[in-house]
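Let me begin by presenting the structure, written as structure tokens, before commenting on it.
The values are calculated or read from the model by the stated rules, or taken from the named source; none is laboratory data. Bear in mind the structure is a predicted one, so any value in this text is a computation, not a measurement. In this analysis, Cβ positions are derived from the backbone assuming ideal geometry, glycine residues included, and neighbour counts consider all displayed protein chains. Side chains included, ligands, DNA and RNA excluded: accessible areas come from the protein's heavy atoms. Shrake-Rupley method; radii C 1.70, N 1.55, O 1.52, S 1.80 Å.
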Amino acid sequence: MNQTLMKHFHSWGYQGFKYLIYTLLAFNVYLFFSEEWLASKVIFASGVNLDSVIKAFSSTIDTAAWLVLLLLFELETSVIDDEHLKGKVKWSLHGIRAFCYLFIIYSLYGYMTKIGLIGQFTAHKVSDLCTLAGDWKFMETLNVYNEFTKETCKSLSTVGAEFFSHEKYKIITNSKNLSDVNALAWVDVINASAWVSVVLMLEVDVHTQLGNISSKWWGKYNKFIKATVYSILLLAAVYWGVTGNFLEFWDAFLWIVAFVLIEMNMFEWQAEIADRKSHQGQ
């Protein structure tokens, strides 16, 4: 990496852009919470427990944990000097990261439970649809549940329309919405799984840089593996954009940019170590 690019990494413009991305991601935590808070009123209708909290706020918990994890990687790959990455500092960073991983894995479980929840919907008879008005909710999309009124019922009661309901949570929807929600739920799971792969790869990179592990195989093939994983993440973002889920698209785009920035930190870190070794060898 040439000196001009190295200086670019440290420029105020670059640093300002990087922390702007991190700030926007922090704001997304609030946006996801606002969206899921409305949906949670349906999930919590039968009572509150840990499992229902994970189901209702999986995106919020996931995004918050990822934000903390991102900042920890930023500290380790860019902010804290190598000579300080040992002892209590090192183990504190790794301990907090491990704690974040618990939430991330549990949020992945939360996304998987949504697929299970969707699979519990059963065909509902159109003839008695309007009797559900008042107590039931109509599922528009994955986290949007509207009041199911008599007016809503009349507007939905078209000839040949298919409806599906979930008795436990008193949710009803049509076949198109259910199909769209099912697709979105699967994309959430695939996307979350790909992100777990990203942090595993970064963990390998960090520990390789610190000299804790060594792998010629990883050094040879990591670029191809990373390209595949990031391509999956990009396809998920494109899918959300095409289907009109702007918040998910915007969030996915910001996260891809953020972790590309972390990868750039890794390149700079590697260049610094190589430069240090070359000076020591002189």
TODO: Give, rounded to the nearest 20 debye, the magnitude of the charge dipole that region 99-152 has about its Cα centre when Lys and Arg contribute +1 at Cβ and Asp and Glu contribute -1 at Cβ.
DONE: 180 debye
Task: DSSP H segments from the chain that extend 20 Å or more along their own axis, Cα-based, with Kyte-Doolittle mean of 0.0 or above - done: 12-43, 58-74, 87-119, 175-209, 216-242, 246-280
Open item on the list: Rounded to the nearest 5, what % of DSSP beta bridges with both residues in region 135-197 are antiparallel?
Closed with: 80 percent
Task: Helix-derived mean residue ellipticity, 222 nm - over the chain, DSSP H n ≥ 4, -39500 (n - 2.57), to 500 - done: -25000 deg cm²/dmol
TODO: Counting only heavy atoms of the protein chains, get the accessible area per residue of the chain (1.4 Å probe) and round it to a whole Å² value.
DONE: 54 Å²
- [ ] Kindly point out, ordered by number, any Cys in the chain whose beta-carbon has no other cysteine beta-carbon under 4.7 Å away.
- [x] Cys100
- [ ] Work out the FRET efficiency for Ile115 and Leu200 from their Cβ-Cβ distance, taking R0 = 22 Å, and round it to the nearest 0.05.
- [x] 0.45
- [ ] Express as a percent, rounded to the nearest 5, the fraction of DSSP beta bridges in the chain (both residues included) that run antiparallel.
- [x] 85 percent
Task: Sites Glu162 and Phe27 - FRET efficiency at Förster radius 35 Å, r taken between beta-carbons, to 0.05 - done: 0.35
- [ ] State the label only: which of [x] 0.97; [y] 0.93; [z] 1.08 corresponds to Rg/Rh (Cα atoms, Kirkwood Rh) computed from the shown model?
- [x] [z]
Open item on the list: With +1 on the Cβ of every Lys and Arg and -1 on the Cβ of every Asp and Glu, and nothing else charged, how large is the dipole of region 137-270 about its Cα centre, in debye rounded to the nearest 20?
Closed with: 260 debye
TODO: State to the nearest 20 debye the size of the charge dipole of the chain about its Cα centre, where the only charges are +1 on K and R beta carbons and -1 on D and E beta carbons.
DONE: 380 debye
TODO: For the chain, build the charge dipole from Cβ charges (+1 Lys, Arg; -1 Asp, Glu) around the Cα centre, then report which of Gly244, Trp66, Ala271 sits farthest towards its positive end.
DONE: Ala271
Open item on the list: Placing +1 on the Cβ of each Lys and Arg and -1 on the Cβ of each Asp and Glu in region 122-244, which of Asn146, Leu210, Thr122 has its Cα farthest towards the positive end of the resulting dipole?
Closed with: Leu210
Task: Cβ-based charge dipole, the chain, positive-most Cα from Leu38, Phe259, Phe17 - done: Phe259
Task: Separation of the Lys88 and Leu247 label points, Cα + 7 Å toward Cβ, nm - done: 4.1 nm
